[in-house]
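All remarks here apply to the structure that follows.
Bear in mind that the values in this text are calculations on the coordinates, not laboratory data. Since the structure is predicted, the reported quantities are computational estimates derived from the model, not experimental observations. Don't worry about glycine lacking a Cβ; one is built from the backbone with ideal geometry, like all the others, and counts go over all protein chains shown.
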Amino acid sequence: MNKAKINPNQWKINYFHRQQQIGEKILMDLYSQGLEPAFKEREVKRVTLSKYIEFIGIDTAAKLFDCSPHTVKAWRYGNRQPSTEQAKKIIMASEGKLDFFSIYGPIDEESKDTSEAVE
């Protein structure tokens with residue numbers, strides 16, 4: 001296979017198509033249970049974890065996410081990221097207002113290499 005002919009965004013369409021298919025199946029199951037989104041008429045906008053914490057406050061976020069204010073501050077200012085287990089709790093505690101991308105950033109954003117050579 002010639003890599004030069006592959007569109008560099010092919011992985012992205014594959015990924016989001018898969019997410020859509022999985023999401024539709026889960027939504028149909030939830031709708032069949034009589035559930036509806038709380039704010040269906042509102043436009044959906046993604047908010048970052050940092051902005052969410054800024055909006056509700058560090059102490060409130062610490063209580064909501066069941067962790068220390070120090071941990072929330074580190075997330076708020078980008079010094080640390082939640083573990084995957086903490087991220088699951090955050091998504092549930094925020095009632096779905098936050099998601100993977102809200103917590104970790106866009107999937108196509110290159111991760112920052114924090115390792116630097118020590119002289």
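Assorted remarks:
- With at most 14 neighbouring Cβ atoms within 10 Å, loop chymotrypsin sites (Phe, Trp or Tyr not before Pro) (DSSP) excluded, longest segment of the chain: 78-119
- Computed [θ] at 222 nm, helices only, for the chain once each DSSP H run of length n ≥ 4 contributes -39500 (n - 2.57): -15500 deg cm²/dmol
- ³J(HN,Hα), Karplus 6.51/-1.76/1.60, whole Hz, each residue of region 104-109, x for Gly, Pro: 9, x, x, 5, 8, 7
- Cα shape, the chain, gyration tensor, a/c 1.5 rule: oblate
- GluC sites (Glu not before Pro) restricted to region 19-87 and DSSP loop, no more than 12 other C-beta within 10 Å: GLU41, GLU43
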